[in-house]
1. Open to solvent by less than 70 Å² (accessible area, probe 1.4 Å) and either touching a residue at least 24 places away in the same chain (Cβ under 8 Å) or charged (D, E, K, R) (or both): is that true of residue 121 in this structure?
2. In the range 124-139, which residues are open to solvent by less than 20 Å² (accessible area, probe 1.4 Å) and more than 26 Å from residue 24 (Cα to Cα)?
3. So which pairs qualify, if the first residue must be in the range 45-57 and farther than 13 Å from residue 131 by Cα and among the hydroxyl-bearing types (Ser, Thr, Tyr), the second must be assigned to a loop (DSSP other than H, G, I, E, B) and open to solvent by less than 20 Å² (accessible area, probe 1.4 Å), the Cβ gap must be under 7 Å, and the two must be at least 6 apart or on different chains?
4. For the list (1) farther than 22 Å from residue 39 by Cα; (2) modelled with pLDDT under 90; (3) aromatic (Phe, Trp, Tyr), I need the number of the one condition that residue 126 fails.
Amino acid sequence: AQLNQIGDYDSWSPTLTNVTLGDGTVNAHYAVVNEMVHFEIEFQVGSTTSFTSTSMQFSLPSDAQYGGGMQYNVVGGGWAFPQGGSIYSIQTLVIESTNRVVPYAIVTNGSYAQPAAVRSTIPDTWNSSGKMFMNGIYRAA
């Protein structure tokens with residue numbers, strides 16, 4: 001396939017689930033090429049941002065299309081900087097039934113590592129220096 005012109009990225013304001021943004025910021029951009037959507041989300045915690053103990057979720061700029069009953073689809077990656085110190089690699093998953101992107105960090109549990117949804121204490125306890133960047137590509141419905 002040949003791509004002659006991709007065009008500019010557009011902005012959108014994702015709806016956050018399990019996060020109260022307060023004075024934090026979210027910058028989100030996306031571009032559509034045919035039926036593929038590329039997105040980027042930058043999340044900056046503020047002094048009045050609060051979290052629940054369940055997974056952070058961000059709405060997509062448009063609905064995703066996945067077939068075959070695949071509920072969780074890995075679409076990209078990124079990084080999390082919960083306290084402005086250590087940096088953690090993350091995977092970005094799209095939950096088909098909700099059309100939301102959910103960041104997952106790789107955490108250790110005993111003698112093995114496993115993915116866990118990013119939340120108030122994963123990959124570390126978030127403070128007002130926290131930042132996160134996610135990107136991914138998915139097929140629009």
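The values are calculated or read from the model by the stated rules, or taken from the named source; none is laboratory data. These numbers come from a predicted model, not from an experiment. Glycine also receives a Cβ, built like all others from the backbone with ideal geometry; neighbour counts cover every protein chain displayed. Note: areas computed on protein heavy atoms with side chains; ligands, DNA, RNA excluded. Shrake-Rupley method; radii C 1.70, N 1.55, O 1.52, S 1.80 Å.
1. no
2. 138
3. Hits for this filter: 55/118.
4. The failed condition is (2).
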